[in-house]
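Report on the structure given below.
The values are calculated or read from the model by the stated rules, or taken from the named source; none is laboratory data. Only a predicted model underlies this, so the values are computations on that prediction, with no experimental measurement involved. Every residue, glycine as well, gets a Cβ built from its backbone with ideal geometry; the counts of neighbours run over all protein chains shown.
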Amino acid sequence: MFSDATRRAALGMGFGMALGGASAQGAPQRLNVAAYPKLDAIVRAALPAWQARHPGVQVEVISREMNDHHTAMITALSTGSHLPDLMSLEVGYLGRFAQGRGLLDLRQAPLNGERLKSRFVPYTWSQAINKRGELLALPSDIGPGTLLYRNDLLLRAGLTEESLTRSWDDFIAAGRQIRARTGAALLAHARDMKDILIRTGVSGGDGLYFSADNKVLVSTPRFVRAFELARRVRREKLDAGVYNWSSDWTEGFRRGSIATQMLGAWLTGFLGSWLAPKTHGLWRAAQLPEGAFAAYGGSFYALPAKADPAKRALAWDLMQHLTLDRRLLLDAFQAHDIFPALVDTFDDPFFDQPLPFLGGQPARKLWREAARRIQPVAVHRQDAFADEVINTELDKVLTRGKDIPTALGDAERLLVRRANR
Amino acid sequence: MTSAVKHAMKPAMKRPLVTAASAPYWLLAPFLILFAVFGLFPLLFSLWLAFNHWEPTSGLAAMDWVGWGNFAFALQDEWFWKSLFNTLWLGVASAVPQHLIAIPLAVALNSMASRRRNVLVGIYFMPYITSTVAIAILFGSLFSTDYGLINAALGAIRSLPGLEWLLPAEAIDWLNDPDRLKPAIATVVFWRYVGFNVVLYLAALQTIPKDLYEAATMDGAGRWQQFRFITLPGLKAMLLFGVTLSIIGSMQLFEEPFILTNGRGGNDQAGMTSAVYLYRLAFDFNDFGAASAMSWLLFLLLGMATWATHRAFGKDKS
């Protein structure tokens, strides 16, 4: 289609010489792609079709666990050795990588990556652009935030979906009723409440913790409210007090002692496949309460600036195949519940299909709507640190009764010292 | 001798590659080369890094000289002091019991028949050579709040008559509660290294001549007096060695807190030792310069602590 035509045109004009030059030497071309789980499977699945168009090009997919992958990429970029020709990056790491100069600016000729802007969900496109305005990656998938809830528990508590989503106050009131009538907790952890609230109402250009002009934002009303509501959840004993990804969290889903969870839409796939497969049909999805839209996770592909320039054209072509091939992304969506960042996929009938795990609800339509409405949030190189500082202070508020202004003030003091590092 | 003969002998007289004078260096070369690559170079590189601000993903060329800036940041960083406090806390709480238990244990083992002793020493030494991954899995389940053996045992003790006041009623969240995490880590460290110290002290005990004890017995010295005036002085050199190793080990404590807290240092950073913080600062928070500066500050501290230990144990004046 359109994408293929563009790519071929680009290849014909810009890269024909590079490709021609390489094949003239007769040496077999070889690309190294570094990826972490699920993306590695998608790259492998994409190879047959891509290699059919590029006969003789071998592709090696180097797969590592998520954290190991990114540590390996930092090492490779810092030393300039063992660089892959193409690397995948998780959004949390992209922010850190984007501050450096290790990734190729995809705006430059002959790539001219900026022309692809309209093809992707707006918020994820801006995640790939750094402060200098460089385009450093192409998005492959996104994680639109959703509220998953146990419909059976809600019915037993005599509630409707609207009673959960109308406002945060109603959400907590509903939690009280769920606790009273079913014994289940509203949330796994009060921290979840904070996590979603600090992600809503971020002003344009600002990040979660730092503003566009590098001011620390943790004493703003956004954080105060997030902390207050989290404390209310804890005080009213509405959370199970278990952290995400702990064994008690999994157990809570299996036993039905956790009634709702706000996270990326991909959680649905995890619940169905290994977290709590026996709760099939009991869950439903809704938009986040009070009209909030937030993103949880997402993946990108990037080209290292110092990778072999002779293979750049091929790597760029493969990268476009991985991010712009509608069929490939829809297949990945189907197989791995990885929500595509490519807008072209959004009109596919697959989005309207019912999800058996959610009792036949066509929830992908909801998530598609959310994906379009999520506002971009700027990333800062101290985000990982800020995240930890805020969680620590929230824990002190929840477990030791530290008062919120002091807690946020302490966090602010720590972050101010880091803001310029 | 004619010049013709001299000429003929020349090739044979060519200086050999390895001469008597250079042989030691050749023999040392494998170590020196490996040390230069894996020891000296990283050391110097980290010293260089300590004075630079470096964005690692930009490559090696992207270093900005900041002078003492990283050191100033480190010294004013609350988390640096917090991690140092954690390190000292864990060092004292795990090392002191190690030696207090290892010495009597070694004395007891020393008085046993050698066969039984060797089996027991082997058992005590096992944790030291056990893989950290296995330890992580083992203690992860032992410390589990609801299903862990440690809480089960505490529950059993609490159910004994007259003991309910001693222990809390609810299950202890060892690894998530900041106040419980440190004791949990100290327990693992103690368990891991006590056997190593037993082996050290046992070796020292075997060098103390038997006749000293015989003479003491003849003079009417009791067991405590023998321990106080013969065994302890005999162990002094090893005690210095053991305590120095413990200080170094405590300052570098990394693996146990790292694995028990999934590499994060635990809630409220209660288990974040200086070594864990250094690692996180570099790899999680991307600040290699400050992390290097902190590692050199720690090195200074370690040097001072070792010097103080030597002073405290005193040089033998006699």
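What number of residues within segment A:328-349 satisfy the criterion of being over 18 Å from the mean Cα position of the chain (by Cα) and not in a helix (DSSP H, G or I)?
1
Which of the residues that make up segment B:145-167 are surrounded by 10 or more Cβ atoms within 10 Å (Cβ to Cβ), part of a loop (DSSP other than H, G, I, E, B) and without any contact (Cβ under 8 Å) to a residue 24 or more places away in the chain?
Within segment B:145-167, B:TYR147, B:LEU163, B:GLU164, B:LEU166, B:LEU167 meet the criteria.
Quick check on A:LEU89: is it crowded, with 18+ Cβ neighbours inside 10 Å and away from chain B (no Cβ under 14 Å)?
The answer is no for A:LEU89.
Could you pull out the residue among A:ALA98, A:ALA76 that is within 13 Å of chain B (Cβ to nearest Cβ), part of a helix (DSSP H, G or I) and within 12 Å of A:LEU135 (Cα to Cα)?
Selected residue: A:ALA98, the only one of A:ALA98, A:ALA76 that is within 13 Å of chain B (Cβ to nearest Cβ), part of a helix (DSSP H, G or I) and within 12 Å of A:LEU135 (Cα to Cα).
If you check B:GLY195 against the conditions, is it away from every other protein chain (no Cβ under 14 Å) and touching a helix residue (DSSP H, G or I) at 6+ places or on another chain (Cβ under 9 Å)?
On the way: away from every other protein chain (no Cβ under 14 Å): yes; touching a helix residue (DSSP H, G or I) at 6+ places or on another chain (Cβ under 9 Å): yes.
Here the answer is yes, as B:GLY195 does meet what is asked.
Please enumerate the residues belonging to segment A:157-181 that are over 24 Å from A:ALA226 (Cβ atoms) and either hydrophobic (A, V, I, L, M, F, W, C) or surrounded by 16 or more Cβ atoms within 10 Å (Cβ to Cβ) (or both).
Once the filter is applied, which keeps residues that are over 24 Å from A:ALA226 (Cβ atoms) and either hydrophobic (A, V, I, L, M, F, W, C) or surrounded by 16 or more Cβ atoms within 10 Å (Cβ to Cβ) (or both), segment A:157-181 yields A:ALA157, A:ALA180.
Those residues that are more than 12 Å from B:VAL189 (Cβ to Cβ) and not small (Gly, Ala, Ser), I need them from segment B:235-257; list them, please.
Result: B:LEU235, B:LYS236, B:MET238, B:LEU239, B:LEU240, B:PHE241, B:VAL243, B:THR244, B:LEU245, B:ILE247, B:ILE248, B:MET251.
Kindly provide the set of residues from segment A:276-323 that are in contact with a Phe, Trp or Tyr (Cβ under 9 Å, 6 or more places away or on another chain), part of a helix (DSSP H, G or I) and surrounded by fewer than 18 Cβ atoms within 10 Å (Cβ to Cβ), ordered by number.
A:PRO277, A:THR279, A:GLU290
From the set of residues in segment A:379-421 that are in a loop (DSSP other than H, G, I, E, B) and more than 23 Å from the chain's Cα centre (by Cα), which is nearest to the other protein chains (Cβ to nearest Cβ)?
Step by step, filter segment A:379-421, then rank; the result is A:ARG421.
Tell me the helices (runs of 4 or more DSSP H) entirely within segment B:8-91 that contain at least 1 residues that are within 14 Å of chain A (Cβ to nearest Cβ).
B:41-50, B:69-76
Could you tell me which numbered condition A:ALA109 fails, if it satisfies all but one of (1) surrounded by fewer than 14 Cβ atoms within 10 Å (Cβ to Cβ); (2) of a type outside the set (Phe, Trp, Tyr); (3) more than 14 Å from chain B (Cβ to nearest Cβ); (4) closer than 27 Å to A:GLN382 by Cα?
If we test A:ALA109 against (1) surrounded by fewer than 14 Cβ atoms within 10 Å (Cβ to Cβ); (2) of a type outside the set (Phe, Trp, Tyr); (3) more than 14 Å from chain B (Cβ to nearest Cβ); (4) closer than 27 Å to A:GLN382 by Cα, just (4) comes out false.
A:LEU77 - would you say it is over 24 Å from A:LEU342 (Cα atoms), more than 22 Å from the chain's Cα centre (by Cα) and buried (at least 21 other Cβ atoms within 10 Å of the Cβ)?
It is true that A:LEU77 is over 24 Å from A:LEU342 (Cα atoms), more than 22 Å from the chain's Cα centre (by Cα) and buried (at least 21 other Cβ atoms within 10 Å of the Cβ).
Conditions (1) at pLDDT 90 or above; (2) over 18 Å from A:ASP40 (Cα atoms); (3) in contact with a helix residue (DSSP H, G or I) (Cβ under 8 Å, 6 or more places away or on another chain); (4) of a type in the set (A, V, I, L, M), marked per residue:
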position	(1), (2), (3), (4)
A:ASN67	no, no, no, no
A:SER78	no, yes, yes, no
A:SER88	yes, no, yes, no
A:GLY100	no, yes, yes, no
A:ALA109	no, yes, yes, yes
A:ASN112	yes, yes, yes, no
A:ARG115	yes, yes, yes, no
A:VAL121	yes, yes, yes, yes
